[in-house]
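**Q** Below is one structure. I have some questions about it.
The values are calculated or read from the model by the stated rules, or taken from the named source; none is laboratory data. Keep in mind it's a predicted model, so treat the numbers as computed, not measured. Positions of Cβ are backbone-derived with ideal geometry, glycine not excepted, and every protein chain shown enters the neighbour counts. Calculation scope for accessible area: heavy atoms of the full protein, side chains included, ligands and nucleic acids excluded. Shrake-Rupley method; radii C 1.70, N 1.55, O 1.52, S 1.80 Å.
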Amino acid sequence: MSPQNHEQVVTQAVMNRYVNVEKTKRDVLTALQHYRGLGPKLDKFVFRSGTSRYLLCLEGTIPVTYKGSTYNIPICIWLLDNHPLSSPMVYVKPTPDMLIKASRHVDQNGKVYLPYLHEWNPNSSDLPGLIQIMIMTFSEMPPVYSKPKTAQPPGATPYPLPYPTNSPGYMPMPGGGPNMPYSPAQTGANTVYPPYPTQPGGYPPSTTPYPVYPPASTAGYPPSQPPTSYPPPYSAGGITYPPYPSTTSSVPTGATETSGVTGTSTTTSTGTITEEHIRASLISAVSDRVRAKLRDSYGGSQAEVSVLRQQQADLNQGKIKLEGLISKLEQEQTELDKNIRVLREKEGEIKNVLSRLSSATEPLNVDEAVTTTAPLYKQLLNAYAEDQATQDAIYYLGEALRRDVIDLDCFLKHVRSLSRKQYQLRATMIKCRAKGNMAG
């Protein structure tokens, strides 16, 4: 499929289905431009809840270098309709002759778990970065291995079978030449493809319709020296790729050799095993085992340190918030103590006034209880008191009319008189306020 066809397929898939059409299209086309072994298509994805949805997926192979050899790992990347706001879903899709090697990054169903996916950032994360992280991760721990096969009968060719001619849509390894980046797999008398590494036991193969890889024909853990009976390397467009290593057991080579198994990769020209071979194989196996354990221990320690640092940051933020709340409470406590002190002083003054009034022999004159400092203020006070009394009189006249105590004529007569008086009182108050420069 040409890049023009890729763009057409991606445009039709994201149109009217994805929220961020331009971002999704640009991200997908950039990934396809860098990794020619992937191809886009629109397919139905079934979620765990049972609901299904048509999503854009990139399926094919990515080149992974493992122990000096390059392998094509089949994967499938599903993009949700809100990409890039949500992280993609990545699966390893083994062929019928391959099995999934479960690890901390790949489960038994082939789903890929990476910190890059867990910490997906819509502003900085993209598909090319994700694929690059997958290549680096799979180069340390391959997610698939070939199925172990029974021993071949005597006289059988030690070379694996070539790719079938009826496997359309297979993408060859990247770097196959500018004229054939997307051509289907070809077979010929001199073209032989190496198998994937074998692994004992495992999980049932996937039924995903990917091209069939050839079965492994050799056995044993990858030796420390290159084998002499491997099939010829894969060649395309003038670029030669090394053959795939074949392993059928995770037992170190040294253990296999000490049990009496001999092979072309661990024997001399006379077909015997020397002490140097045993020592080198044991050192290689122990080094790999120790390196793997150290890597796992280091990864676990790094994860724990990251969690502890995050908890420390959260605790520091909580400490800052608590200190702010305590400071605010102390300020409020100081203000409250001040108000309590003022209230107690006012309470003492009121008690003194009450005791002085209770000890007086003459009755209290209400009119003399409130005194003013100037005649203007006294006139304003009297006008205000008469205005409030007039308002009360008009109210009670209305209540008497409602209860039929007085008739309408009497009501209107008194209300007219009181209203005229109230108008004069309010005009007087306005003039007094203006004269005394008071707000009014």
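**Q** Going by what's in this entry, would Gln12 be described as in the same structural domain as Asn121 (by the TED database), free of Cβ contacts under 8 Å to residues at least 12 places away in the same chain, outside any strand (DSSP E or B) and out of contact with any His (no Cβ under 6 Å at 6 or more places or on another chain)?
**A** It is false that Gln12 is in the same structural domain as Asn121 (by the TED database), free of Cβ contacts under 8 Å to residues at least 12 places away in the same chain, outside any strand (DSSP E or B) and out of contact with any His (no Cβ under 6 Å at 6 or more places or on another chain).
**Q** Tell me yes or no: at least one residue of segment 361-383 is of a type in the set (Gly, Ala, Ser), in the same structural domain as Arg426 (by the TED database) and either assigned to a helix (DSSP H, G or I) or in contact with a strand residue (DSSP E or B) (Cβ under 6 Å, 6 or more places away or on another chain) (or both).
**A** Yes, that holds for at least one residue.
**Q** Among the charged types (D, E, K, R), over 19 Å from the mean Cα position of the chain (by Cα) and within 27 Å of Ser139 (Cβ to Cβ) - does that describe any residue in segment 42-57?
**A** No, that holds for no residue.
**Q** Using the structure shown, decide if Leu99 is in contact with a strand residue (DSSP E or B) (Cβ under 9 Å, 6 or more places away or on another chain) and either open to solvent by 10 Å² or more (accessible area, probe 1.4 Å) or over 22 Å from Tyr116 (Cβ atoms) (or both). Show your work before the answer.
**A** Details: in contact with a strand residue (DSSP E or B) (Cβ under 9 Å, 6 or more places away or on another chain): yes; either open to solvent by 10 Å² or more (accessible area, probe 1.4 Å) or over 22 Å from Tyr116 (Cβ atoms) (or both): yes.
Criteria met by Leu99.
**Q** Arg36 fails exactly one of the following numbered conditions: (1) under 19 Å from Gln132 (Cα atoms); (2) at pLDDT 90 or above; (3) open to solvent by 40 Å² or more (accessible area, probe 1.4 Å). What is the number of that condition?
**A** It is condition (2) that Arg36 fails.
**Q** Starting from segment 114-142, take each residue that is open to solvent by 20 Å² or more (accessible area, probe 1.4 Å) and list its partners that are among the aromatic types (Phe, Trp, Tyr) and assigned to a helix (DSSP H, G or I), counting only C-beta distances under 6 angstrom and pairs at least six apart or across chains.
**A** Ile133/Tyr116
**Q** Within the set of pairs 6 or more residues apart or between chains, which connect a residue that is more than 15 Å from Pro115 (Cβ to Cβ) and touching a residue at least 24 places away in the same chain (Cβ under 8 Å) inside segment 301-312 to a residue that is aromatic (Phe, Trp, Tyr) and surrounded by fewer than 10 Cβ atoms within 10 Å (Cβ to Cβ) with Cβ atoms less than 9 Å apart?
**A** If the second residue must be aromatic (Phe, Trp, Tyr) and surrounded by fewer than 10 Cβ atoms within 10 Å (Cβ to Cβ), no pairs are left.
**Q** Filter segment 382-440 down to residues that are over 19 Å from Val370 (Cβ atoms), open to solvent by less than 60 Å² (accessible area, probe 1.4 Å) and acidic (Asp, Glu), then give me how many there are.
**A** Adding up the residues that qualify gives 1.
**Q** Answer yes or no as to whether Lys67 is at positive phi and open to solvent by 20 Å² or more (accessible area, probe 1.4 Å).
**A** So Lys67 fits the description; yes.
**Q** Being in a loop (DSSP other than H, G, I, E, B) and closer than 15 Å to Lys41 by Cα is the filter; apply it to segment 53-87 and report the residue that is modelled with the lowest pLDDT.
**A** In the first step, residues of segment 53-87 are kept if they are in a loop (DSSP other than H, G, I, E, B); the result is 67-68, 80-87.
Next cut, closer than 15 Å to Lys41 by Cα only: 80-81.
Working: Leu80: 92, Asp81: 89.
Result: Asp81.
**Q** Sticking with this one: I'm checking my understanding of the structure. Among residues of segment 327-378 that are at pLDDT below 90 and of a type in the set (Gly, Ala, Ser), which one is least open to solvent (accessible area, probe 1.4 Å)?
**A** Among those residues, the one meeting the criterion is Ala374.
**Q** State all residues of segment 388-440 that are under 19 Å from Leu376 (Cβ atoms), among the aliphatic types (A, V, I, L, M), free of Cβ contacts under 8 Å to residues at least 40 places away in the same chain and assigned to a helix (DSSP H, G or I); if no residue qualifies, say none.
**A** Ala427, Ile430, Ala434
**Q** Follow-up. Scan segment 288-298 and tell me whether some residue there is among the hydroxyl-bearing types (Ser, Thr, Tyr) and at pLDDT below 90.
**A** Step one: filter segment 288-298 for residues among the hydroxyl-bearing types (Ser, Thr, Tyr), giving 297-298.
Applying the additional criterion that residues be at pLDDT below 90 yields 297-298.
Taking every residue of segment 288-298 in turn, at least one turns out to be among the hydroxyl-bearing types (Ser, Thr, Tyr) and at pLDDT below 90.
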